[in-house]
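Structure first, commentary second.
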Protein chains: 2
Amino acid sequence: MGCPGALPGPVHLVYVLSLGRAAGTHGRADGETVMDEGQPPAPPARCADCGIRRLAMFRPFGPQQLAEVQRLRSAIRRAPPGTELMRHSAHDAPLMTIYAGWAFSHTTSDDGARQILDFHLPGDLVGAEHLAVKGTDTLVEALTAVSACVFPRRKVLAEMEHNPALSASIAWLLARDEAMLHERLFSLGRRSAEERLAHLALELAARIRLRRRVDVGGPLPFPPTHRHLADALGLSAEAVSRAATRLRAHGLEQIARGVLIIRDPDRLAALCGWRDEYLVPREML
Amino acid sequence: MGCPGALPGPVHLVYVLSLGRAAGTHGRADGETVMDEGQPPAPPARCADCGIRRLAMFRPFGPQQLAEVQRLRSAIRRAPPGTELMRHSAHDAPLMTIYAGWAFSHTTSDDGARQILDFHLPGDLVGAEHLAVKGTDTLVEALTAVSACVFPRRKVLAEMEHNPALSASIAWLLARDEAMLHERLFSLGRRSAEERLAHLALELAARIRLRRRVDVGGPLPFPPTHRHLADALGLSAEAVSRAATRLRAHGLEQIARGVLIIRDPDRLAALCGWRDEYLVPREML
DNA sequence: CGCTATGTTGAACAGTTTCAAGATGCGTGG
DNA sequence: CCACGCATCTTGAAACTGTTCAACATAGCG
């Protein structure tokens, strides 16, 4: 999905993560919409040209499968921060793959409590969990300016019926999601505020690095505010602030102005019981 | 998986959920192991005879696909309560479908804190999330006496490559899991002890009823202890006890001696913001 | 330059944990 | 059938972690 496939190799995606320059947008397919509400770079017209495709989170796709996937794409969407990208309770909520920028899914209860369920980075497939069940009013919102490919639910389901590679790929991504959710569940259930923050920072750092394949110790783009982190971690924004202050004071990590710096990965990992196996793909056969 | 397929219809599965009489176990396929460590009823030899197959949580399977799935099964396992059924970190952790009894997955940190990630009821596929990524030391333990079908990971992966129905079915089950995890995440992040317990009780009651298709208001089998509930909800056993006492006093629900009674579904649902859409299958096309 | 969103810090409060003691229930063996 | 023993559940009181409310600081943006 979202132009999956191909083998890993040297990729320059820094511009995608940091919202730098825009990519070319010529030669669209028939019937494709481009909703241009923001400034992030739009994905290329042909999936084969898509840098995202090479990222580690996709299973290899052959050229003909890639072409089939590209036919499923119904639109390209660009949107500024804060835009509601998707409402899963809607009858025909589509699937999306983030091409550039960050988004997040969340649920809000009647009394206004918000729980962020996941952050979405470039290359992530969003909404696959709602292929099967209608979720409970989950919203996807752009955290930064975002560009994404849109795939209609019905088309994807129809294609899955006779395209094992697509089904397997989606199953694969869902499995990875589930592993991440298990870790998050452990955080909310059994870790202290400080440990939760440390763990989330390490997870997002690992996910960013899987995409960039560079700069292991350096500053990483990190758009979420304390409020976002609090709503993801089941805390108040004040608790996040205090936890962040303590981690910074101990020289472990630093979050400021949209940038995350992991200063002492080993002590951080020891603090929160971090292990990275759950993000690393398993050999499939 | 675990004999999926077929359309809903009148089914008598009370015995499976309550661990009553055993089913016949003749005519096994070649090379199939039967590990008999306990007393629960074993699944039938032929997937086509499997009552579980008819349950709502599976997508329809044709007869030939059913036969293919049956060929993947490597063993049948019966085990008493407390048995470690599976260790996901193991190199070749298999997949399992529960046929009778309850199980649960959990992770335990170095300092002994346990987080239960999910409960598994008859018909549930366990371990699919580890097809793609090696989880972080997740263990599956029998909560009651359990019988289950075992499928080797490699065989399933190989079959998925060219069997879209299987891939789609697994994607479907993973999607349902993810929706449940989202709800659980909301619980741990944003609900009080009382609300968490109410919500979990409603969810498990709904899942039991999806299998039994009977007895909507009556007593339901409910094996988890306060300790299990606490570890699933991110609470202490004492907090669960206090929450349960309050819910009972208000005439909302009652948990005692392995039996759950939902006394006032409407007020319970209002209390915790329960909605059932996330368990109900969406029309696929 | 000033507005607004975000981050920081303090103090009172609340919900949950922890520790502890006792009650209840259930299976086992006499 | 009853007595014992162990696991589970219940209840109380103190301690703790995080929440809430409030004031202020800082940064980014028009």
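How many nm is it between the label spots at B:A206 and A:Q64, if each spot is 7 Å from the Cα in line with the beta carbon?
So the two model labels end up 4.3 nm from each other.
Mind checking the full-extension length gain between A:A237 and A:H91? Use 0.36 nm per residue of separation minus the Cα-Cα distance, one decimal, nm. Mind dumping the intermediate values first?
Working: separation 146, 0.36 × 146 = 52.56 nm, distance 3.36 nm.
Gain on extension, A:A237 to A:H91, equals 49.2 nm.
When the accessible area of region B:191-279 is split by element with a 1.4 Å probe, what percent falls to carbon and sulfur? Don't skip to the answer; put the middle values down first.
Numbers: 1930 of 3690 Å².
Carbon and sulfur: 52 percent of the exposed surface of region B:191-279.
Counting only residues 5 or more places away or on other chains, whose amide H sits under 5 Å from the amide H of B:L117 once H atoms are built in the peptide plane?
Hits under the 5 Å cutoff: B:S105, B:H106, B:T107.
Could you derive backbone 3J(HN,Hα) for region B:257-266 from the dihedral phi with the Karplus parameters 6.51, -1.76 and 1.60 (θ = phi - 60°), listing whole Hz in sequence and x where the residue is Gly or Pro?
6, x, 10, 10, 10, 8, 8, 9, x, 5
Mean separation of Cα pairs under 8 Å and 6+ residues apart, divided by the residue count of region A:219-283: what relative contact order is that in percent?
29
Once amide H atoms are built 1.01 Å from N in the peptide plane, which residues 5 or more positions from B:G258, or in another chain, come under 5 Å H to H?
Distant-sequence amide H within range of B:G258: zero hits.
Shielding by partners for A:187-195, please: the mean number of other protein chain Cβ atoms within 10 Å of each residue's Cβ.
On the way: counts 5, 9, 17, 11, 4, 0, 0, 0, 1.
Across the residues of A:187-195, the mean count of other-chain Cβ atoms within 10 Å is 5.
Can you give the accessible area buried between chains B and A, summed over both chains, with a 1.4 Å probe, in Å² to the nearest 100? Walk me through the numbers before you get to the answer.
Working: alone 13240 and 13250 Å², together 20780 Å².
So the buried area, both faces added, is about 5700 Å².
So, counting K/R as plus one and D/E as minus one, what does the shell of residues with Cβ under 9 Å around A:C272 add up to? Before the final figure, lay out the partial values.
Values: positive: A:R191, A:R196; negative: A:E194, A:E195.
Local net charge: 0.
Give a residue-ordered list of calculated ³J(HN,Hα) values for region B:169-178 (Karplus: 6.51 cos²θ - 1.76 cosθ + 1.60, θ = phi - 60°; whole Hz; x for Gly, Pro).
5, 5, 4, 4, 5, 5, 5, 5, 4, 5
Quick one: which bits of region B:109-135 get at least 40 Å² less accessible when the partner protein chains are in, versus the chain alone, with a 1.4 Å probe?
B:Q115, B:L117, B:E129, B:A132, B:V133, B:K134
Round to a whole angstrom and tell me the spacing of the C-alpha centers of region A:217-241 and region A:68-136.
20
With the Cα gyration tensor of region A:117-266 giving a ≥ b ≥ c as the square roots of its eigenvalues, does the rule (a/c under 1.5 for rounded; else a/b larger than b/c for prolate; else oblate) give rounded, prolate or oblate? Before the final figure, lay out each step's value.
Values: a/c = 2.19, a/b = 1.84, b/c = 1.19.
Cα axes put region A:117-266 in the prolate bin.
Residue by residue through region B:226-243, what is 3J(HN,Hα) from phi via Karplus (6.51 cos²θ - 1.76 cosθ + 1.60, θ = phi - 60°)? Round to whole Hz and write x for glycine and proline.
4, 4, 4, 4, 4, 6, 7, 9, x, 10, 8, 4, 5, 5, 5, 4, 5, 5
What is region A:165-226 by shape, rounded, prolate or oblate, if you read a ≥ b ≥ c off the alpha carbon gyration tensor as root eigenvalues and call it rounded for a/c under 1.5, prolate for a/b larger than b/c, and oblate otherwise? Walk me through the intermediate numbers first.
Numbers: a/c = 2.70, a/b = 1.19, b/c = 2.27.
Oblate shape, in that a/c is at least 1.5 and b/c is the bigger or equal ratio.
Given a 1.4 angstrom probe, what's the average accessible area per residue across region A:224-285, in square angstrom? Don't skip to the end; give the middle numbers.
Numbers: 3090 Å² over 62 residues.
Solvent-accessible surface per residue comes out at 50 Å².
Summarise the accessible area of region B:64-139 (1.4 Å probe, protein heavy atoms) by the percent that is carbon and sulfur.
Numbers: 1010 of 2160 Å².
After summing per-atom areas, the C and S share lands at 47 percent.
Partner chain Cβ atoms within 10 Å, averaged over the residues of B:158-164 - can you pull that number for me? Before the final figure, lay out the partial values.
On the way: counts 2, 1, 8, 6, 3, 3, 10.
Across the residues of B:158-164, the mean count of other-chain Cβ atoms within 10 Å is 5.
Non-local amide H neighbours of B:S74 (under 5 Å, H modeled in plane, Pro and chain starts lacking H): which ones?
Amide H neighbours of B:S74: B:V150, B:F151.
Provide the gained length on full extension for the span A:E277 to A:Q254, in nm with one decimal, where the gain is 0.36 nm per separating residue minus the Cα-Cα distance.
The A:E277-A:Q254 span can extend by a further 5.9 nm.
Provide a whole-number value for the mean count of partner chain Cβ atoms within 10 Å of the Cβ atoms in peptide A:267-277.
Working: counts 0, 0, 0, 1, 0, 1, 6, 1, 5, 1, 6.
Partner Cβ neighbours, averaged per residue: 2.
Rounded to the nearest 0.05, what FRET efficiency do B:E84 and B:D111 have when you use their Cβ-Cβ distance and R0 = 22 Å? Show your work: numbers first, answer last.
Numbers: r = 20 Å, r/R0 = 0.93.
The pair B:E84/B:D111 has a calculated efficiency of 0.60.
To the nearest 0.05, what FRET efficiency results for A:D264 and B:R263 with a Förster distance of 41 Å applied to their C-beta separation? Spell out each step's value before the answer.
On the way: r = 53 Å, r/R0 = 1.29.
That gives a FRET efficiency of 0.20.
The values are calculated or read from the model by the stated rules, or taken from the named source; none is laboratory data. Fair warning: this is a prediction, and the values are worked out from it, not measured in the lab. Positions of Cβ are backbone-derived with ideal geometry, glycine not excepted, and every protein chain shown enters the neighbour counts. Accessible surface is based on the protein model in full, side chains and every heavy atom, while ligands, DNA and RNA are left aside. Shrake-Rupley method; radii C 1.70, N 1.55, O 1.52, S 1.80 Å.
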